[in-house]
1. Would you mention how many residues in the stretch 87-98 are without any contact (Cβ under 8 Å) to a residue 24 or more places away in the chain and within 21 Å of the chain's Cα centre (by Cα)?
2. Note down all Cβ pairs under 7 Å where the first residue falls in the stretch 119-131 and is exposed (fewer than 10 other Cβ atoms within 10 Å of the Cβ), the second is among the basic types (Lys, Arg) and in a loop (DSSP other than H, G, I, E, B), and they're at least six residues apart or on different chains.
3. Restricting to the stretch 140-178, give me the number of residues that are in contact with a strand residue (DSSP E or B) (Cβ under 7 Å, 6 or more places away or on another chain) and either over 21 Å from Pro23 (Cβ atoms) or not in a loop (DSSP other than H, G, I, E, B) (or both).
4. Contact list please: Cβ distance under 6 Å, first residue in the stretch 48-73 and at pLDDT below 95, second residue part of a helix (DSSP H, G or I) and surrounded by 17 or more Cβ atoms within 10 Å (Cβ to Cβ), pairs at least six apart or on different chains.
5. For a quick check of your reading of the model, give me the residue pairs whose first member lies in the stretch 224-242 and is closer than 22 Å to Ala164 by Cα, whose second is of a type in the set (Gly, Ala, Ser), with beta-carbon atoms closer than 7 Å and at least 6 apart or on different chains.
6. Restricting to the stretch 97-129, what's the tally of residues that are over 13 Å from Ala154 (Cα atoms) and of a type outside the set (Asp, Glu)?
7. Name the residues in the stretch 149-191 that are farther than 13 Å from Ile9 by Cα and charged (D, E, K, R), would you?
8. Given the options Ala28, Ala37, name the one that is under 19 Å from Phe150 (Cβ atoms), touching a helix residue (DSSP H, G or I) at 6+ places or on another chain (Cβ under 9 Å) and at pLDDT 95 or above.
Amino acid sequence: MTKTVDHWIGGKSVEGASGTYGPVTDPATGAVTTRVAFATVDEVDAAVAAAKDAYATWGQSSLARRTAILFKFRALLDAHRDDIAALITAEHGKVHSDALGEVARGLEIVELACGITTQLKGELSTEVASRVDVSSIRQPLGVVAGITPFNFPAMVPMWMFPIAIACGNTFVLKPSEKDPSAAMKLAELLAEAGLPDGVFNVVHGDKVAVDRLLEHPDVAAVSFVGSTPIARYIHTTASANH
């Protein structure tokens, strides 16, 4: 029986409601082994709403708490690197050693995120001029989104969400529909590490999902890796709506 990959919203797997699915093939055989649910506008809205609700507390959480969760995630990621690499090989087609290298590169960013919280504290400079003090604070943006390509289904998302989460933001990921399972595994490991529900969400789909993320008024920032024409489209569309 063909496996179905659903969405991850509010800390759990959520069955797709659209009735529309995309095929995921095994590049070694050409056989369709999985189908992935394509999100509706309402499902994207639900993911953003979950992220917005979670931000109310996550954005105010202590740096120590964020660091502790990221360290747990880092340990789980290391323990499950073979599992993630196997998912990548099955759906993308790169050999296992290359897939392991991809996970390792992503893990390096998680390690960076574990330490970045020490750089997030405010600063105070006194007497920069006569009777003038200068203070600065760093604050999260809120709900942020990532749109990632098929060629590195684990590494590229890990370029984005660990840093965003460490800084107090919440995240909605729209991975490539061609190899979606690695993103879901990362979501499961984040939940196991103790990340609160709604801080990290995954919606799958096509242009419908992408456009809704770009247009949504509660999405404060979008990160993208991919081709230049699509990058221009994302920049133009998101800028026009914010």
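The values are calculated or read from the model by the stated rules, or taken from the named source; none is laboratory data. Nothing here was measured: the structure is a model prediction, and the numbers come from that model. Every residue, glycine among them, receives a Cβ derived from its backbone with ideal geometry; neighbour counts consider all protein chains shown.
1. Qualifying residue count, the stretch 87-98: 1.
2. Gly122/Arg138
3. Residues in the stretch 140-178 being in contact with a strand residue (DSSP E or B) (Cβ under 7 Å, 6 or more places away or on another chain) and either over 21 Å from Pro23 (Cβ atoms) or not in a loop (DSSP other than H, G, I, E, B) (or both): 18 in total.
4. Sorted first by the residue in the stretch 48-73, then by its partner, the pairs are Leu63/Thr117.
5. Phe224/Ala231
6. Counting residues in the stretch 97-129 that are over 13 Å from Ala154 (Cα atoms) and of a type outside the set (Asp, Glu) gives 17.
7. Glu177, Lys178, Asp179, Lys185
8. Within the list Ala28, Ala37, the selection yields Ala37.
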